[in-house]
Structure formats: structure tokens, C-alpha cells
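What follows is a short report on a single structure.
Values quoted throughout were computed directly from the atomic coordinates according to the rules given, and no laboratory measurement underlies them. Please read these numbers as outputs of a predicted model, since none were measured by experiment. No Cβ is skipped: glycine too gets one built from the backbone with ideal geometry, and neighbour counts run over all protein chains shown.
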There are 2 protein chains.
Amino acid sequence: MKLDIRKLDSTADGFAARLNDVLAFEASEDAAIDRAAAEILADVKARGDAAVLEYTHRFDRLSATRMDALELPASALEAALDGLEPKRRAALEAAAARVRAYHEKQRIECGTHSWQYAEADGTVLGQKVTPLDRVGIYVPGGKAAYPSSVLMNAIPARVAGVKEIIMVVPTPDSVQNPLVLAAAHIAGVDRVFTIGGAQAVGALAYGTQTVPAVDKIVGPGNAFVAAAKRRVFGTVGIDMIAGPSEILVICDGTTDADWVAMDLFSQAEHDELAQSILLSPDAAFIEKVHASLERQIGDMPRRDVIAASLQGRGALIKVRDMAEACDIANQIAPEHLEISATDAQQWADKIRHAGAMFLGRFTSESLGDYCAGPNHVLPTSRTARFSSPLGVYDFIKRSSMIEVSEQGAQMLGEIAAELAYGEGLQAHARSAEYRLRGRS
Amino acid sequence: MKLDIRKLDSTADGFAARLNDVLAFEASEDAAIDRAAAEILADVKARGDAAVLEYTHRFDRLSATRMDALELPASALEAALDGLEPKRRAALEAAAARVRAYHEKQRIECGTHSWQYAEADGTVLGQKVTPLDRVGIYVPGGKAAYPSSVLMNAIPARVAGVKEIIMVVPTPDSVQNPLVLAAAHIAGVDRVFTIGGAQAVGALAYGTQTVPAVDKIVGPGNAFVAAAKRRVFGTVGIDMIAGPSEILVICDGTTDADWVAMDLFSQAEHDELAQSILLSPDAAFIEKVHASLERQIGDMPRRDVIAASLQGRGALIKVRDMAEACDIANQIAPEHLEISATDAQQWADKIRHAGAMFLGRFTSESLGDYCAGPNHVLPTSRTARFSSPLGVYDFIKRSSMIEVSEQGAQMLGEIAAELAYGEGLQAHARSAEYRLRGRS
């Protein structure tokens, strides 16, 4: 099947502009969706359970008349796990164990401990780190129901020490996804409600008679869920609103072209807006990958999505050399960066902006998506310039600790009062001066 | 001067509802301001320097015709510092040194190092930490121009290793604030543009011919600035949009009532919407503080703001005991929490949610605002339940690192393929299977 994919050459005139065209993506904000989400949120805030039940009846065709009928008991999650085919269960458990092990390392390395130090005059400064009390995890229902997402969202929260994890997952027409429920059980989710949409986001953000209010909501959802999450941000924390998924493959030309082609497919099959880009200094290799894409796409059950993605947003880019490929990668700041090359580490050292880097030809992105250990919730749409994979650090927060000694208050009080007067804040100054000996 | 401040008793009927009334604060979103900000942003994005110059002429009455005329040379910052009165200069430098020292400790403790570990089969996992490339700091002009905010926003970025810090500060009618410019010089700001409002936010977010695009924008601003920051979030990172400032004082009744009264004033003087609350188990002490507030307010230059704040949003609350005070504090999740008590640490141990804790009677909040060392940019409006003081961690980001060995790919490939088939993602599965020996 012929694939008409954009080909760029970094030495051509106008390359920078063409690259910008490839990368340009404006998330469309649908005012009607935003209004609908706002109305549902307001209604859930005002009427609680009753509103959630009505929307769940309307959108998911569930006839429950009491919220507690929409909570799944722990036994249902356990039964889902027990009902899995043994090989699939083993895979899910192995993936969870590896994700947990990685995030345990992260917890230690990423500075989730409280710390303090004393100054010579007895003043003590520091920071107290505490986990969030309660977190909500949104899990989509229907076709985009990914058990791996349950693991990736719940496990870091659990490792961080979050006391209670509440999952919401819509089950339209009462259709449950056993893999998702099994993953919730393995990940240690505490409670599961079969609700979804903006009404579920509202229930988590504001709390209802039955659903407890949480402190942060994470997890992917459709446009209504994204709009609702944006609106409740501030009342609760949220994770990033993800854009379409992206992969950038840098290949020196020494990897099997079929492998690279399949790696590009694995991103493209997510979504017609997903973006797969290849950078290589080897023009002949680029042609081989293109031929492989056209040869292999016929075997792909999701070939229509893949073709739309590759032809609409994909690109095969010839670069001068690997160093230039790294420069371009920093400009793109991709969600997923595969460096499929000999001595990949030397090139990784040049990369400043990427959600996750997959080094060497054996590290397909799909291994990272499921079971390598690191999180698959990653910054999209160039936000890797300033944000990070979902991690343990997203489920803790810090409080500054200041205990000034009487002696310390003498030195600090003079400085603070001087600056406070400079800013015209007399009560600030006086409050500091009261602590000066002989001044109160 | 009589102050009509709400008094609550935790043992009274309906206390929970009354406390909620005290805390209720709905940030008003002004649709007209939001629209105006959106238009300015779109114009700056489209026309760059020309648009910024026009808005600066219109709003700040500066007649510059070229953007480079709106950049202050380093010599201007240095001159501002040299022109300060020696005592004020020394105070500013001492504050900066202490803020720097605290954030250096934070950099070490909060996990800003890259890390990795190898598994038995040679697979290497880890996380690479890099500072942001370029950060923009918004500094308000006019009456709310706080040099301390320049230090608190710029120093953590510098300590994190940010390569370039661009400050914007409006100078309506060309009036510059020498303390602010001196603070910028001390904090190591690289470039300063005298622009403000939504146009400055747009210039930083999108870049213009003269102003380089940044990766994150931090710092407080008026409603237009806040609306613009919300809108550019996603293109760049932003810090939290702050609500009105708050202080919660827990006092066991053993601190001088005048000191506590002045601490409550020091928050109230910021803003009529600022919130000062006292919790004490000692009814007589609460009366003494109330009397002190009424006695001292006459001396305060900002007494009108203070009175509006205390009478509109303040509260004096009698609690059963110190333990209950801590429970209520966790519910309030205050921006600033003073624990003015004997052995304050025992009560601090019970606090889970607070932006910053000030322990012991010598630790007035104002010391922390200026020079104790910890950051004064803190989570407001109960967001301390899920967010943290501004810190070094806000100016770094992480990339996951995955290098799977050939041997590791055998084990991981089986798991990933099994789960990918379970999710209906065949290209993911095939991409993993290609790395299996004898399968490609």
C-alpha cells in the first residue's frame, strides 16, 4: 500500500519552516464541549450523587438509583484478576512489579524525604515532604481502555504513600473490562466507581454524599473529561492534559528497517493525530524504511489509522549527521525519543528535552509502554521542555519549615524590617521588630 | 478603632458550616479581561515586536519605536544597585544570600541529580534531570513592585541551572523602581525588558523578533497577566495562579498578644481579600488579641486595607485544644501557618497541609517573607493539599532513560506483546516481538 509521507532534507532551503509545519498542532478547544462540561460540573457540585446518577443513566445507560450500586466491591476486582487467562495475568503482574520497582527507585532518588538544617544561631530551616491524602484516577471506558494506564497512574501514587486511591471508570451499558479491573486490583486501587465523563471528574473534585473528594485527579479521558479537568484545576491538582502521542526515531542506519518501520507504526496506530518522525543521516536507509512501511502496513489491523497518521502528521527527515539529529530532537522535544544507533548513549548525552529516551536497537518504545518500568504518561506537544513523566514526585508536596531562634530573630528582624519598609509594608516591619530585644 | 471580626467556637453547633463560610472564596473570572488578554496574545503572536510596542505605548505611555529601546542594559541594573542607600543594599544582599543558601540545600535534597541502575541482564533504567533552558519572570510595576519577589522567583531558577533568565517589568510613564532593578542584578537576571501586561506574557511565550521565547513563566501579576498566563499554559510552563494571601496562626496563649495581632495585620495589609485567622484554645487570649488589634490598627498606614481584610475575611476561633487546632489547620491547608507555642515542633508534626510553617514565637511570617531563606511564593486557597512552595524543582525536568539489553528484550518483549495484544495494539506487539531472537 502506497504511503505518501512527507520527506524533508535538513540542508534544503526553507527546512526550518517546513519542520515547523510538520510540528504545528493547535489543540482545538470546542466551546460547546467546554460549556457542557461546565454545566455538568456545576450540577454535580450542587446536587452530588443525584446528579451523577442522572448523567450516568443518560450517558452510560446504567439504571442504578443509588450511588453505592455504582461502586465495585473489592471482590469484583479480585474476581476479574482470577478470571484472566494465566499468561495474561502473569504478564500484567510482571509489568506491575517492574513499574513498582522503578518507581521505588525514583522515590528514593527524586528527593521525597523531609530535610532540615540548623544554623549557628539555632535557627532551623528545612522542608517537610508529605504524600497527598487522596487521589482520583480517571480510566476511560470502551475502546481506549488500557490496563497499562491503570498501572502507570496508580502505582506511583501508591509508592508515594498516598493514603487512598479512588478510581472512576465508565461502563457504558454495564460492559466492564476485566483487564482494567484486574490492573486496579494489582495496583492497589482502594475504591472503584463505574462512572465517567465530566460527572465523574466533578464527583472526585467536589465530593458527593458517596464519592469522597480527592486532592488530585490524574489519567486520560475524552474531550469532556479534559475540559472538566481544566475547570476543576485549582480546586484539585491535575496532571497535564495530554496532546496526541508522538515518537521521534533517530537512527544511524544500522538498525533493521523493518524494526524501525514497526516502531513508527506503534505510535501511529494510537490515533490519526499521533505523530511519527524519523531522523537519519542515511538517505538509503530512509528509503528502506519507507519501503518497509508500505510493505508492512497491509498486515496491520489498524492500518487505516496508521495511514492517516503517517500521511497527515508523519515525516521522514534526512539530516547531515547524528549531531544535527540531536539538535533537531531538542527543538522537537518529543514525548518518546528512540535513539536506534550504535553507542546510543553518546547521542543521548546531547539531548536536553524528551519525555523518555529509548536507547539502542533493542529498546522499542512498546517495551517502555508496558513493562520496562518507567512511566508511560509523558509530556507531549513540546512540553518536555518544561515538564516531566508522571512520577512519584507528582503525588507528594512540600511545606517549608522555619524555626527562628531568639538570636536569629535579631539578625533577620533587622533585614526584614528594612526591606518591608522599602516595600511600604509597615505591619510586616513591625511584626519583625517586635521580635527584636528591647524593641517590643 | 472597633474591629468587627468573626468569632467562632469549635464546640458550637454548625461550626463546620461556619468555618466553610469563612474559607469560601470563589476567584471571579472576568470574561471581558479574559477576552482582552486573548486578543493581545493573538496579536503579539502574529505581529511580534510591533504589537508589543503598540500596547506598551497605549497602556504604559512609553514612546519607544524599537523593542531594543525597551531593554535595560546591565549597566542600568548595576547603577540601580549602586544607587541604593547602604543599609538597604546590605539588607537586599543579605536576603539574597540567605535565599540562595536555602535553595542550594534544596537543590541537593530535592533530587535534582540524574540517576540510573542496571539490572542483571544488562538493561539500564534511570532518569536524566536537566534544568530548563530559559525562564521568564514577570514582575509587576507600580505599587505592588516587590524586590523580594524578584529574589524569590529568580534565585531558584539560577540555582537550578537555568541558562537564561528574562525579566519583564512594566514601567508606566517610564517610572522605574530602583529596588526591583537592584534585586534583578543581585539575583543574576540576564535580560530585562520594560514591558508588562498580557503583551509581555505573549512576548515571553511566543517570542518576538527581539524577546526570546522562554520555556516557563513565573511571577505574580494583575488580572490581565493571570488570564494571559492561563492561556499560554501548555505552550510554556507557568507557576500557580495565586489567590489572595492567607495566614493561619495557632497560638497556645503564651505569646504576647501584640505580637500575634501584628502578625495577623502583616497578612491583612497585603490586600482586602487577604485572610488572617487565629486558632487558640485560650478564650481570654483571643480577647486580648482582639483588643490589641483594635488598639494597634490606628498606627498602621494601611489600616483601611487591614480593616477591610480582617472584617471581611478574618476570624478568631476558639478551639478545644491544640490538637484540634492542628486538625482544623489541615482542613484549611493554609499558605502560611504560624505555630506560636511552646514546643511548636510537636504540633508541626501533626500538620500535613501548609505552604510554609513558622514555628515558635520568634518566627514571624515576615521573616520568611524576606530573608529566612525559604521561598515566599507559596500555594494559596487550600492548594497546599497538592502543591508546594516555588522551588528549584520547578526549574528542572526529567526524562526517563531506558536502554534494554538484547537479553532483557527477550523477557520484556514477551510481556509487552502479551499486554499489547490484550489492548488491541498489534503494532506495539510486533515491535516488541521483532526484538525476540529468531522471531524477526
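With the label put 7 angstrom out from Cα along the Cα-to-Cβ vector, residue A:345 ends up 4.3 nm from the copy partners, going from closest to farthest. For chain B, the longest principal axis of the C-alpha atoms and the axis of helix B:49-60 are separated by about 10°. Loop sites here are GluC sites (Glu not before Pro) outside DSSP states H, G, I, E and B with no more than 11 other Cβ atoms within 10 Å. The longest part of chain A free of them is A:30-440.
I'd like the mean, over residues of A:405-416, of how many other protein chain beta carbons sit within 10 Å of each residue's own Cβ.
The per-residue average across the peptide is 6.
Sort the stretch B:1-114 into rounded, prolate or oblate with this rule: let a ≥ b ≥ c be the square roots of the eigenvalues of the Cα gyration tensor; rounded if a/c is under 1.5, and if a/c is not under 1.5, prolate when a/b is larger than b/c, oblate otherwise. Taking the square roots of the gyration eigenvalues as a ≥ b ≥ c, the stretch B:1-114 is oblate.
Start at zero, step by 10 Å, and the Cα-Cα distances of the stretch A:243-385 spread as 13, 47, 36, 4 percent across the bins.
Going by the alpha-carbon gyration tensor, a ≥ b ≥ c the square roots of its eigenvalues, is the stretch A:71-117 rounded (a/c under 1.5) or, if a/c is not under 1.5, prolate (a/b greater than b/c) versus oblate?
In terms of gyration-tensor shape, oblate.
Approximating the spin labels as points 7 Å out from Cα along Cα→Cβ, the residue B:175-to-residue A:61 distance works out to 6.7 nm.
In chain A, the beta-carbon sitting nearest the axis that superposes A on B belongs to the residue given here with its distance in angstrom, A:111, 1.
With contacts taken as Cα pairs under 8 Å and at least 6 residues apart, chain A reaches a relative contact order of 20 percent.
Using C-alpha pairs under 8 Å with a sequence gap of at least 6, the mean separation divided by the residue count of the stretch B:321-366 gives a relative contact order of 43 percent. Copy-to-copy label distances for residue B:424, where each label lies 7 Å from Cα along Cα-to-Cβ, are 6.2 nm in order of increasing length.
Which trypsin sites (Lys or Arg not before Pro) in the stretch B:137-202 sit in a loop by DSSP (not H, G, I, E or B) and have at most 15 other Cβ atoms within 10 Å of their own Cβ? Write out the running numbers ahead of the final one.
Working: sites: B:143, B:158, B:163, B:191; in loops: B:163.
Within the stretch B:137-202, the qualifying trypsin sites (Lys or Arg not before Pro) (loop, at most 15 other Cβ atoms within 10 Å) are B:163.
Taking every alpha-carbon pair within chain A, the share separated by more than 39 Å comes to 34 percent.
Straight Cα distances below 22 angstrom link residue B:128 to the lysines A:105, A:350, A:397, B:105, B:163, B:216, B:397, with same-chain residues fewer than 8 positions distant left out. From the alpha carbon centroid of the stretch B:204-222 to that of the stretch B:97-176 is 15 Å.
Separation of the stretch B:224-284 and the stretch A:1-80, taken as the distance between their Cα centroids, equals 36 angstrom. Here the scattering of the stretch B:126-244 is modelled by Debye summation over its C-alpha atoms, one equal scatterer each and no solvent; at q = 0.09, 0.10, 0.11 Å⁻¹ the log10 of I(q)/I(0) is -0.21, -0.26, -0.32. Normalised by residue number, the volume inside the convex hull of the Cα atoms of the stretch A:1-62 is 169 Å³ per residue.
Placing a label point 7 Å from Cα along the Cα-to-Cβ axis, residue B:85 is separated from the same position in the other copies by 8.1 nm, shortest listed first.
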